[in-house]
Amino acid sequence: MRSSNPVFSRRGFSRDNGYAGFNTAPQAGGAAVGTQGNPYAQNPYAGGNPYAQNPYAQNPYGQQTQYGAPPQAPAAPGRMTMDDVVMRSAMTLGTVAVGAILAWALLPVSSTSFGLAFGSALVAFVLAMVQSFKRTPSPALILGYAAFEGVFLGVISEMYNAQWHGAPFQAVLGTMAVSGATLLVYKAGWIRVTARYARIGMAIAIAFVLTMAVNLLLVAFGVAPDGGLRSMGPLGALVGVIAILLGAFFLTLDFKQIEDGIAYGAPREEAWLAAFGLTMTLVWIYVEMLRLVAIFSSND
């Protein structure tokens, strides 16, 4: 099972429009300084609207405070809307679901199916990395990622279900609960996505991924028996909870990016990147929830 997720290396919306994160030190033209190497540091909103030259995005509120409620520009053709995000997200998540159902139905649990799952996960990771570094969204890459990710999820879900009956269904419910609760907390204003919030969260996420990578190496060389930090005991459960909380953190970044993209007139094709980010985050939460359900079921 993968110990890292491409969600940690995505850049949000494409680099040329700057929908990538948060910074509090804008230059005169609105571009952030001190952002080299930080994918969540390029925030053009600190100085105004990144689409100021876009005839569909003339926003009279260019000097709006960075973390206040973004002004809602008048509706105009060619701009991203919530309907666009919902539709693209439904297409992407639907592709994941179809791939998972077909894999579950057509690939019985075996060493062969496990190899196919690993290969599908690798292809999905490569496609996600290619899209993450492209300047523009590619629906073909995003849907291809979703299809291969679906095959991976279908095989591992069937494997978990064979040993812990009902675990995938419980994981789906858990993923929906975490996502719904995160959205509720975000919309209620209990969490504000600020530069400090993003920096702290990213530091924890990077430390987590590096720790899991080291743990994977220790397990592979037999230094850490029974999975090490990923064991089926209390320590593994604690690590799983931390991973799910990190998934919720990335959901808040996704929500902020979508909210700002709509408010500031992002091009309609950027809805594909919003769907891409949401899909990666939800897949991350589902996989970690699946492990957590298995751990609790094993200890019953």
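Rounded to the nearest 10 Å², what accessible area does L184 show when all protein chains are kept and the probe is 1.4 Å? So the heavy atoms of L184 present about 110 Å² to solvent. Taking all protein chains together and a 1.4 Å probe, the residues M232, M289, M176 rank M176, M232, M289 from largest to smallest accessible area.
If the Kirkwood radius is taken over C-alpha pairs of the range 149-227, then at 10 °C and 1.306 mPa s the Stokes-Einstein diffusion coefficient equals 99 µm²/s. Within the range 98-184, report the chymotrypsin sites (Phe, Trp or Tyr not before Pro) that DSSP leaves as loop and that have at most 13 other Cβ atoms within 10 Å. Of the chymotrypsin sites (Phe, Trp or Tyr not before Pro), the ones in loops of the range 98-184 whose Cβ has at most 13 other Cβ atoms within 10 Å are F133. Starting from the alpha-carbon convex hull of the range 106-159, give the projected area averaged over all orientations, in nm². Over every viewing direction, the Cα hull of the range 106-159 projects on average to 3.5 nm². Put simply, the convex hull of the Cα atoms in the range 97-197 casts, on average, a shadow of 8.7 nm². Computed from the alpha carbon positions, the gyration tensor of the range 170-213 leads to an equivalent ellipsoid with semi-axes of 23, 19, 4 Å, biggest first. Karplus-derived 3J(HN,Hα) values for the range 130-137, using 6.51 cos²θ - 1.76 cosθ + 1.60 with θ = phi - 60°, are 4, 5, 4, 9, 7, 7, 10, x Hz; glycine and proline are entered as x.
Rg/Rh for the range 209-295 stands at 1.14; both radii use Cα atoms, and Rh follows the Kirkwood definition. Here is the size of the range 244-296 from its Cα atoms: Rg then Dmax, 13.6, 45 Å. Shown in residue order for the range 146-152 are the 3J(HN,Hα) couplings computed by the Karplus curve 6.51 cos²θ - 1.76 cosθ + 1.60 at θ = phi - 60°: 4, 5, 5, 5, x, 4, 4 Hz (x for Gly and Pro).
The value given for the range 153-300 is a Kirkwood hydrodynamic radius of 16.8 Å, derived from the mean inverse Cα-Cα separation.
The values are calculated or read from the model by the stated rules, or taken from the named source; none is laboratory data. Note that this is a predicted model, so its numbers are computed, not measured. FYI the Cβ positions are ideal-geometry reconstructions off the backbone, even for glycines, and counts take in every protein chain you see. Ligands, DNA and RNA are stripped out before the accessible areas are found, and what is left, the full protein with its side chains, is counted by its heavy atoms. Shrake-Rupley method; radii C 1.70, N 1.55, O 1.52, S 1.80 Å.
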